[in-house]
1. If each of Arg88 and Leu233 carries a label point 7 Å out from its Cα toward its Cβ, how far apart are those two points in nm?
2. Working out 0.36 nm times the residue gap between Val283 and Asn110, then minus their Cα-Cα distance, what length gain in nm do you get to one decimal?
3. Between 0 and 90 degrees, rounded to the nearest ten: what's the tilt of helix 145-174 against the longest Cα principal axis of the chain?
4. Leaving ligands, DNA and RNA out of it, rank Met270, Met179 by accessible area with a 1.4 Å probe, largest first.
5. Would you calculate a helix-derived [θ] at 222 nm for the chain, using -39,500 (n - 2.57) for each DSSP H run of n ≥ 4 and dividing by the full residue count, to the nearest 500?
6. Taking the radius of gyration and the Kirkwood hydrodynamic radius from Cα positions alone, what is the Rg/Rh ratio for the stretch 277-351, to two decimal places?
7. Solvent-accessible area per residue for the chain at a 1.4 Å probe radius, Å²?
8. For the stretch 130-182, state the semi-axes of the equivalent ellipsoid (square roots of 5 times the eigenvalues of the alpha-carbon gyration tensor), sorted largest first and rounded to whole angstrom.
Amino acid sequence: MSLNAEETRRRRDYRKVRNLRYFVLFWLLLAGVLNYMDRASVSIAAPHMIEELGLTQTDIGLMGSVFSWTYAICQLPAGYLIDKVGPRRMYFLAVGIWSIASALMAVGHNLGHFLFFRVLLGVGESPNSPNSSKITTQWFPRSERGQAAGIWDSGSKWGSAIAPPVLTVLMLAFGWRAMFLALGVAGIALAAAFWAFYRAPEDSKHLSDEEYRHILAGRDVAEPDDAPKIPWLKLFTFRQTWGMMLGFFTSIWIWNIFITFLPLYLQHSMGVSIAGTGFVAAVPYVVAALGAIFGGRITLILARRGRSPLASKRVVLVIASIVIGVLLCLVPLVPSLPLALVVLSLALGLIAVVQSQSWAVTSDIVPDAYAARFGGIMNFGGYFGGALAPVVTGIVFDATGSYSPSFVLAGLIAACGALFFGLLIRRPIPQREAAEAAAA
């Protein structure tokens, strides 16, 4: 691929930004931060919502599960729409919708209200990760996508780390309703700014010719009009699709337990105060953010040493899943808060590695043109099954008064992830084979 004369002329009169693709990556990181602050907000407000409105831990878990089921189901149309209408429009609409949903939490007065608002949040947030994956395929060559995915996916961890201290301070100072309203306003501002400033590489007047060539050199060659197409539903017939859905499910199950119950676990099992929870709960998420970035760096190093991009990510996914399983089974045995933080932080750090590299590996399994819809299918599988985790954890706690059974179950589920990643994603889905299978 090369720049034509018209593209060169169009770019000539505008100031160029060095490494512009990393500025684009910052937008994706920022969206992930806010996205997960919105998700974590219920866990921060939960003690006050339980006391003021008479909710139970099962109710809090149900909010998490309803969000996750909605989020999962909406992955399928979200990935398809991103590929059809483009990531810029979807980013603007998605961030706007989820921000309105967060702001509406401020006016809720019963469980029915909150469940409806969490459904709306799930609709709005569903395009975020497939959209980030799509933008990554547009702005980064294939060799850099593992690292780029690690950085934008770390936004979910930075957001979860920032949420406990920041939202706790907001809640204690102004009330839990004002906390939700502030999140909504911040999101609407982000959506408007992205719409105003973001452009695709082909339309960006501030992208240098040199960087544009670097991006084009690492993309898939554009498909000719008569190239075989992969029907969307036919992707479900391949073991690679199920390997990614099931493998991602194992990480989302554990992630949903943390995002919904970590503050409550620290308060109940470790004796941390509500005021102190904000800072203590941030520690595992900071480690998770670093894990997402570091995991991407490992796959880049392995690829540079001769492994294929798919093989380098696959080995990281398998090893991380095994270690997560061991760590979570140890949680009920830890006798003190410092040791619990070490175990929880290491486990969540490796969960971040699994999640970021799962997103990165999607464009190794299917061509770039199908990255968003394949990522949406993976995310659908992960969240549809993982949606059970919060409500199951809430029910188990209300029945036993302990989080220990839920951590042991999560450890066993994590270990299964190694099997799914190791056995089912050994090679990409051949485009022509998929098309021929559909025609048969």
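The values are calculated or read from the model by the stated rules, or taken from the named source; none is laboratory data. Everything quoted here is computed from the prediction, not taken from an experiment. Cβ: placed from backbone, ideal geometry, glycine included. Neighbour counts: every protein chain shown. Surface areas here come from the heavy atoms of the whole protein model, side chains and all, with no ligands, DNA or RNA. Shrake-Rupley method; radii C 1.70, N 1.55, O 1.52, S 1.80 Å.
1. 3.4
2. Using 0.36 nm per residue and subtracting the Cα-Cα distance, I get 59.1 nm.
3. 30
4. Accessible-area ranking of Met270, Met179, largest first: Met270, Met179.
5. -27500 deg cm²/dmol
6. Radius of gyration over Kirkwood radius for the stretch 277-351 works out to 1.08.
7. Normalised by residue count, the accessible surface of the chain is 39 Å².
8. Here the semi-axes work out to 34, 11, 5 Å.
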